[in-house]
1. 7 Å along Cα→Cβ for the label point: how many nanometres lie between B:P113 and each equivalent label in the other copies, listed shortest first?
2. Taking amide H positions as placed 1.01 Å from N in the peptide plane, with prolines and chain starts having none, which residues 5 or more places from B:T41, or on another chain, fall under 5 Å of its amide H?
3. Average partner chain C-beta neighbours within 10 Å, per residue of B:90-99?
4. Can you show me the helix-derived [θ] at 222 nm for the protein assembly as shown, built from DSSP H runs with n ≥ 4 at -39,500 (n - 2.57) apiece and divided by the number of residues, rounded to the nearest 500.
5. Using Cβ counts within 10 Å as a stand-in for footprinting exposure, how do B:L100, B:L70 rank, fewest first?
6. Run the count for chain A, please: Lys pairs, Cα-Cα under 23 angstrom, 8 or more apart or on different chains.
7. Which residue in chain B puts its Cβ closest to the axis that rotates chain B onto chain A, and at what distance in whole Å?
8. State the three equivalent ellipsoid semi-axes of segment A:14-140, derived from the C-alpha gyration tensor as the square roots of 5 times its eigenvalues, in descending order and whole Å.
Protein chains: 2
Amino acid sequence: MPEPQPQSWRSACPVNIALEILGDRWTLLILRDVLLFQRSTFKDFQESPEKIASNILADRLKKLQQHGILESHRSESDARVIAYRPTTKGLDLLPVLIELILWTDRYEETGAPRRSIARLRRAPHEVIAEIKAAFADPTKVAKRSGK
Amino acid sequence: MPEPQPQSWRSACPVNIALEILGDRWTLLILRDVLLFQRSTFKDFQESPEKIASNILADRLKKLQQHGILESHRSESDARVIAYRPTTKGLDLLPVLIELILWTDRYEETGAPRRSIARLRRAPHEVIAEIKAAFADPTKVAKRSGK
DNA sequence: GAATTCAATTGCATTTTGCAAGTGATACCG
DNA sequence: CGGTATCACTTGCAAAATGCAATTGAATTC
């Protein structure tokens, strides 16, 4: 059989479910900051060049936690600060983010440095492994609370 | 040097540019229908289970063409029908779509058949190659106009 | 040539977004 | 200590995007 009839599963389609969670202007941008740029606090996200509004940011952070993509804890060094970290589910969005970056780099004018993109293109799994390792190692990310 | 400082390129970030184009509830759903389910007409898209409104659909189809992701031509067999096809740029979104599907399948309840997902996970490039080949071969897709 | 199909468009109500200005809790500084 | 600054939000309101139903005009079928 050369082709299965690709028809049936449009209804409960993974793409649809994914877009209910990620399909908006800001959610993946927050995840980019968390996963690729080591940002972790509300302030960090607000300072990103895209200037997300604080009410939207608060809403998206809440939803990302409800979906189990991010988790948060109060900083032990400064009790005002809440640090957000990706869960495993969040880390597993790295391939999506990377493919999105590679596509954009191929077809649009971006300010991404050649070096970083070339590496992402050549060895995406290496980059993913490094990032996952960094998040697994508590010394490499913002100090965790007592929890 | 173990790590480059991953900081600089947040401003003109590929993720941001990608989300300006794709970052909404409907755009990737249309592309799913085009790329994965052989849909090509306005009516096809309207009949998708997510029930996109016709004004939104018209708007997104226009934008996808402006971004060079889809192209359209009038059917030669029925001049009312306008068929939409992906450009190369559009086809190159397949990896993004596939990673999105694999992530969703891993973490959410979907109605996607095991077989299709397993194949996407095992040999994504094979699937991509097949789909690209199908679009390259005019007999395999909706008849093209004289253009 | 009347009814139907297709790809939209229009008008309007509802929802979501963006912006500016707070708020309360904690931290820092003299 | 007391005052100011910082942090993570929240609130109120205007503007924009979305969803819905009805309509349009061209092309096709009956």
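1. Listed shortest first, these distances are 4.7 nm.
2. When sequence neighbours closer than 5 places are left aside, the close amide H contacts are B:Y84.
3. 5
4. Numbers: 16 runs with 154 residues, N = 294.
It lands at -15000 deg cm²/dmol.
5. B:L70, B:L100
6. Within chain A, the lysine pair count is 22.
7. Here the value is B:E99, 3.
8. 23, 18, 15
Taken together, the values in this text are just the output of simple stated rules run on the coordinates, not laboratory data. Source: prediction; values computed, not measured. Cβ sites come from the backbone with ideal geometry, for glycine too, and all protein chains shown count toward neighbours.
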